[in-house]
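None of the figures in this text is laboratory data; all of them are computed from the coordinates on show. These numbers were taken from a predicted model, which means no experiment stands behind them. When we count neighbours, we look across all protein chains shown, and the Cβ atoms used for this are built from the backbone with ideal geometry, even at glycine.
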């Protein structure tokens, strides 16, 4: 019966991108689809032959174009990717450049992580702006925004708060920028804006018309006024200071049947000094579900209350369907964060799949005015025990001096005592879900960090140079000598919450950002910072293959097929590396 149920899940939950007649398989968005599943329905490369993979081709755009964190797209045999400066189209079978177009409007902002394809167009982002190109010839879509460029964050701020922000507002000066490509469905584009460390007045979720770029609704993850959705819930959770942070780092996910769009909101600001923001600080560090037609809040679940550790709730959201032992299909949403914990909910209601127990945590602090939140939600399994973390939540040291400074999870940082707390977790590198194994795969980072808090109270102002984390600590040490960082890939079962397996790989820092990919060949692909590109057995985590790429990997991999041939691609610093069987 398990085989039959799994086949049914494959049929009803995975809108296929496979064209059997042409032997092609497309990868049209950063995380493949609107569920953010990162599951490629390709098995030409599988456990029996993955050790035969060879480099099929490579492409390097040049030093002026940084693609370090980008996941390419492939549609109809053409690969698309962009830097902050240039949009590229390549032959996906050879890496030969087909065309390139400049991205040169407005401020550049930070690194880019991917593009999105829909209906013959490719959409790219730079700074706080979106660009639209004809996928066939690279021509600008002049009907989109202002002759092909939409100042989407400025338009959204003016739409949401017309008495505060004009259409000529420079979002970069307020600390905003886009950090993820949009999610597109049925002629609508869902755009997310960050950056919490810019002390922004809330992360933005924006719905626009794909054809014209017209803003249709805006949701603020940190409600600012009584007219904001969720204000009545969040109002009393911020004390008397500024309401800032909550940037959305990763692509929204969509459930079309429920009519909901899901996002993960990041940390509040300032990062480490919460004295001016007494309370839980909603809806920071939360998974949030919105009505996709109105942008109104449907439900939320906060994973970290009153964050004092820069523990963004950033990985995901990932939508999945599973069948339990009774044969019922359960629709879930999963997320992870930099606290090394993994969370799963029913995606219609936001109720946890398994108990999340509010647990007492350390509250002693020497930061003036700080009121540490007394409890934090800890995910448990169906057996009622805490879930195994996706990375280290306590750092053991052989050195007695370091061991004396190592504190348990959720210990607040100090003004004077150089406590050591685990640091890394899961970042904006995406997780994946396989309907074949019914497991979710999430990448974590093990690292140790020590810092002293620099009190800033309510003194920060929004802007790219008013970054809460750099102004709210005075000393920083990543403790890499005493605790060498590593990377983990963990597999979790949404059926019972158990960790099926965890594989540890080397890393150069505890803050890497790469995610993973799972395929129908029952392989999980993962890149690491020494340039190693691994294939793991999706069933047990065994390492089956390693390929040395030119440099550091901080991007998430993808897979596609052209003319019946499967490829697996990943960006290694500034080089696209595509592997295939001989």
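With the convex hull constructed from alpha-carbon coordinates only, region 491-541 shows a mean projected area of 4.0 nm² over all directions. Using the Cβ-Cβ distance between residue 358 and residue 565 with R0 set to 56 Å, the FRET efficiency works out to roughly 0.60. For region 108-190, what does the alpha-carbon gyration tensor say about shape, rounded, prolate or oblate, given a ≥ b ≥ c as the root eigenvalues, a/c under 1.5 as rounded, and a/b over b/c as prolate? Prolate, since a/c reaches 1.5 and a/b exceeds b/c.
Note on region 467-582: Cα Rg divided by 2.2 N^0.38 Å, N the number of residues, gives 1.24. For region 283-413, the Cα-based Rg and Dmax, in that order, read 17.1, 57 Å. Counting other Cβ atoms within 10 Å as a rough exposure proxy, the listed residues 313, 82, 547 run 547, 82, 313 from fewest neighbours to most. Spin-label model, residue 530 to residue 119: label points 7 Å out along the Cα-to-beta-carbon direction sit 4.8 nm apart. In the chain, Cα pairs under 8 Å separated by at least six residues give a relative contact order of 16 percent.
Packing, taken as the mean count of other beta carbons within 10 Å per residue, orders the peptides 526-532, 439-445 from highest to lowest as 439-445, 526-532.
At q = 0.12, 0.16, 0.22, 0.27 Å⁻¹ the log10 of I(q)/I(0) for region 276-338 amounts to -0.41, -0.66, -0.96, -1.12, computed by Debye summation with a single uniform scatterer per C-alpha, solvent ignored. Modelled label positions at residue 227 and residue 416, each set 7 Å beyond Cα in the direction of Cβ, lie 4.9 nm from each other.
The relative contact order of region 455-582, computed from alpha carbon pairs under 8 Å that lie at least 6 residues apart in sequence, is 14 percent.
Residues 67, 552, 200 in ascending order of nearby Cβ atoms (within 10 Å, fewest first): 552, 67, 200. Remark: region 358-456 is approximated by an ellipsoid whose semi-axes, taken from the C-alpha gyration tensor as √(5λ), come to 29, 17, 14 Å, largest first. Which part of region 481-520 falls in the paramagnetic zone of residue 542, meaning amide N under 16 Å from the point 7 Å along Cα-to-beta-carbon? The answer is 501-504. Ranking of 35, 185 by neighbouring Cβ atoms within 10 Å, starting from the fewest: 185, 35. Between residue 499 and residue 96, the contour length at 0.36 nm per residue exceeds the alpha carbon distance by 140.9 nm. Cβ-Cβ distance of residue 64 and residue 551, R₀ of 25 Å, FRET efficiency by 1/(1 + (r/R0)^6): the value works out to about 0.90. Placing a pseudo-label 7 Å from each Cα along the Cα-to-Cβ vector at residue 146 and residue 173 gives an inter-label distance of 1.4 nm.
Apply the a/c threshold of 1.5 to the C-alpha gyration tensor of region 69-216 and tell me whether it is rounded, prolate or oblate. Note, shape of region 69-216 comes out prolate. A Förster radius of 60 Å, combined with the Cβ-Cβ distance separating residue 366 from residue 137, puts the computed FRET efficiency at roughly 0.45.
At 222 nm, what value in deg cm²/dmol follows for the chain if DSSP H runs of at least 4 each add -39500 (n - 2.57) and the sum is divided by all its residues, to the nearest 500?
Counting only the DSSP helices, I get -1500 deg cm²/dmol.
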